[in-house]
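Note sheet for the following structure.
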Amino acid sequence: MAKGDRIWTNARLATLDPGRLGLGIVEGGAVAVRDGRILFAGPAAELPSSELTGAETIDCDGRWVTPGLIDCHTHLVHAGNRAREFEMRLAGASYEEIARAGGGIVSSVSSVRSTDEDGLVRESLPRLDALLAEGVTTVEIKSGYGLTVADELKMLSAARKLSEKRDVAIVTTYLGAHATPAEYKGRNGDFLREVVLPGLEAAHAEGLIDAVDGFCEGIAFSPEDMRLVFDAAEKLGLPVKLHADQLSNLHGAALAAEYGALSADHLEYTDEEGAAAMAKAGTVAVLLPGAFYFIRETKKPPVELFRKHGTPMALATDCNPGTSPLTSLLLTMNMGATLFALTVEECIAGITREAAGALGKLDDIGTLQPGKAADLAIWDIAEPAELVYRIGFNPLHSRIRAGRDATF
Ligand code: DI6
Ligand code: FE
């Protein structure tokens, strides 16, 4: 045996292994780990025990083990909040009145600009901890509230720093094309040329970017704007994703597919052509029921079309101060089921295997299979459906990150 070898026995596994049916369930299962990676996950009777004599053994007492959860779309690093704006909306204030009172996305931009990197880390940690408390082991975090080169770099760097503070893998996405700041109002072209593209180059040069995203919408950036950004990302060899078809159908899903995007996200207004193009390109549909719920959207994403064409579906919190102040993947699953009629299997796959696909990390995380990172969530539940069914209850027993016990 090697130092650090560990075996979890007497476990019920939801492996999410695509080679097994459904959730890839294994009763009487075991997971063996070496050097932070999965050596074996399957029926205990098939454990390669000679290789593992003397390994530390942990009895799961029949508990369920899933892959560590993955939140594949968040704006978790930000400063301040928009609770006042929420209160005004409840009292009937219009978008314009809120903007005039200093609310909306520009208020988050000024909060981020006036907070230094350490301050961003400090403000973001409680949100991260809420996710980790539910068994999350990988979180994607976007920039997009800085909107100057320096402030975008500051957000990305703060996001990366979170992985030094907690046992979690952080994946960073450059979202310079999120909103046009006040100083560039009506001048999207200038903003893209003077800030978004130079910011992309600078952040990439500092190794701060895993993927490039944009908000393609009437109130944000046009498909033509996004082509500029995607062409630049392609030149740098960076994968892309897109906030697409959230409030209207600008054919963002098809655009994302054309660029071989890892994911297209939101997708309430996506049509059949978009769904089919995504399936063909292997672009994951990331559904964000928290934003749908919070803005009281009524148009649902075309889940039936995604099923029909075989477009993989992931679920994420979209944790952001304006449209989804949500820090629970368990609640996100419940919303995916109740609001979008996803099955239990689709919900659980959506925050594990398909979420890994949305980050281009299916080789590394998202299922319990040999060779992958030993990121596990161990649950006090009698059956997997409980993870989706409950509202506001957390049955996590323990969280394992790279084979080690992780806090929260
Ligand atoms: N889609 C959204 O719903 C948010 N950003 C995005 O790309 C809105 C962000 C905010 O209002 O702060
Ligand atoms: Fe978002």
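Output the qualifying pairs, or none if there are none: Cβ atoms under 8 angstrom, residues six or more apart or on different chains, first residue in the stretch 248-269 and within 18 Å of Gly290 (Cα to Cα), second residue more than 13 Å from ligand 1 (Cβ to nearest atom) and β-branched (Val, Ile, Thr).
That search, which allows pairs on different chains as well, returns Ser263/Thr283; Ser263/Val284; Ala264/Thr270; Ala264/Thr283; Ala264/Val284.
Residue by residue, here is whether (1) modelled with pLDDT under 95; (2) away from ligand 2 (no atom under 16 Å from the Cβ); (3) among the polar types (S, T, N, Q) holds:
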{"residue": "Arg100", "(1), (2), (3)": "yes, yes, no"}
{"residue": "Val139", "(1), (2), (3)": "no, no, no"}
{"residue": "Gly144", "(1), (2), (3)": "no, no, no"}
{"residue": "Asp167", "(1), (2), (3)": "no, yes, no"}
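Please give the number of the condition Ser107 fails out of (1) in contact with a His (Cβ under 9 Å, 6 or more places away or on another chain); (2) among the polar types (S, T, N, Q); (3) surrounded by 20 or more Cβ atoms within 10 Å (Cβ to Cβ).
So Ser107 meets the others, but not (1).
When you scan the stretch 375-383, do you find a residue that is surrounded by 24 or more Cβ atoms within 10 Å (Cβ to Cβ), in a helix (DSSP H, G or I) and of a type outside the set (Phe, Trp, Tyr), even just one?
Looking through the stretch 375-383, none of the residues is surrounded by 24 or more Cβ atoms within 10 Å (Cβ to Cβ), in a helix (DSSP H, G or I) and of a type outside the set (Phe, Trp, Tyr).
List the number of the failed condition for Val121; all other conditions in (1) open to solvent by less than 30 Å² (accessible area, probe 1.4 Å); (2) within 16 Å of ligand 1 (Cβ to nearest atom) hold.
With respect to (1) open to solvent by less than 30 Å² (accessible area, probe 1.4 Å); (2) within 16 Å of ligand 1 (Cβ to nearest atom), Val121 is out only on (2).
Considering the stretch 152-172 alone, what residues qualify as being among the acidic types (Asp, Glu) and crowded, with 21+ Cβ neighbours inside 10 Å?
Glu152
State all residues of the stretch 321-353 that are within 16 Å of ligand 1 (Cβ to nearest atom), in contact with a Gly (Cβ under 9 Å, 6 or more places away or on another chain) and in contact (Cβ under 8 Å) with a residue 40 or more places away in the chain; if no residue qualifies, say none.
Answer for the stretch 321-353, where residues must be within 16 Å of ligand 1 (Cβ to nearest atom), in contact with a Gly (Cβ under 9 Å, 6 or more places away or on another chain) and in contact (Cβ under 8 Å) with a residue 40 or more places away in the chain: Pro321, Gly322, Pro325, Thr332, Met335.
Filter the stretch 1-40 down to the residues that are open to solvent by 80 Å² or more (accessible area, probe 1.4 Å) and basic (Lys, Arg) and list them by number.
Hits for the stretch 1-40 are Lys3, Arg20, Arg37.
Looking only at the stretch 234-264, how many residues end up being over 19 Å from Lys280 (Cβ atoms) and either under 20 Å from the mean Cα position of the chain (by Cα) or within 14 Å of ligand 1 (Cβ to nearest atom) (or both)?
Total satisfying the criteria: 6.
Can you go through Glu386, Glu354 and tell me which one is open to solvent by 30 Å² or more (accessible area, probe 1.4 Å), within 15 Å of Pro67 (Cα to Cα) and not in a loop (DSSP other than H, G, I, E, B)?
Glu354
Given the conditions (1) within 27 Å of the chain's Cα centre (by Cα); (2) polar (S, T, N, Q); (3) within 30 Å of Glu383 (Cβ to Cβ), report the number of the one that Ser110 does not fulfil.
(3)
Can you name the residue in the stretch 312-329 that is open to solvent by 10 Å² or more (accessible area, probe 1.4 Å) and β-branched (Val, Ile, Thr) and is also farthest from ligand 2 (Cβ to nearest atom) among such residues?
Thr327
Could you please let me know if Leu131 is in a helix (DSSP H, G or I) and either open to solvent by 10 Å² or more (accessible area, probe 1.4 Å) or not hydroxyl-bearing (Ser, Thr, Tyr) (or both)?
Criteria met by Leu131.
Return only the number of the condition from (1) within 30 Å of Ile105 (Cα to Cα); (2) assigned to a loop (DSSP other than H, G, I, E, B) that Leu339 does not satisfy.
(2)
Name the pairs: first residue in the stretch 22-33 and in contact (Cβ under 8 Å) with a residue 12 or more places away in the chain, second residue basic (Lys, Arg), Cβ to Cβ under 6 Å, at least 6 apart or on different chains?
From the stretch 22-33, the pairs are Glu27/Arg12; Val33/Arg6.
Within the bounds of the stretch 83-106, is there any residue that is of a type in the set (A, V, I, L, M, F, W, C) and assigned to a strand (DSSP E or B)?
Scanning the stretch 83-106, I find no residue that is of a type in the set (A, V, I, L, M, F, W, C) and assigned to a strand (DSSP E or B), so the answer is no.
If you scan the stretch 170-191, which residues turn out to be part of a helix (DSSP H, G or I), at pLDDT 95 or above and within 16 Å of ligand 1 (Cβ to nearest atom)?
Asn188, Phe191
Looking at the stretch 41-59, is at least one residue within 16 Å of ligand 2 (Cβ to nearest atom) and either open to solvent by 10 Å² or more (accessible area, probe 1.4 Å) or touching a His at 6+ places or on another chain (Cβ under 6 Å) (or both)?
Within the stretch 41-59 (the criterion being within 16 Å of ligand 2 (Cβ to nearest atom) and either open to solvent by 10 Å² or more (accessible area, probe 1.4 Å) or touching a His at 6+ places or on another chain (Cβ under 6 Å) (or both)), the answer is no, since none of the residues qualifies.
For the structure I just gave you, tell me whether Gly403 is under 30 Å from Glu87 (Cβ atoms) and touching a residue at least 40 places away in the same chain (Cβ under 8 Å).
No; evaluated as a whole, the condition is false for this residue.
Only residues that are within 16 Å of ligand 1 (Cβ to nearest atom), within 14 Å of the chain's Cα centre (by Cα) and not in a loop (DSSP other than H, G, I, E, B): list them for the stretch 134-156, please.
Glu140, Ile141, Lys142, listed by residue number.
Does Thr332 meet the test of being surrounded by fewer than 24 Cβ atoms within 10 Å (Cβ to Cβ), hydroxyl-bearing (Ser, Thr, Tyr) and in a helix (DSSP H, G or I)?
Answer is no for this residue.
The values are calculated or read from the model by the stated rules, or taken from the named source; none is laboratory data. Here the structure is a predicted model, which means the values were calculated and not measured. Cβ: placed from backbone, ideal geometry, glycine included. Neighbour counts: every protein chain shown. With ligands, DNA and RNA removed, areas are computed over all heavy atoms of the protein, side chains included. Shrake-Rupley method; radii C 1.70, N 1.55, O 1.52, S 1.80 Å.
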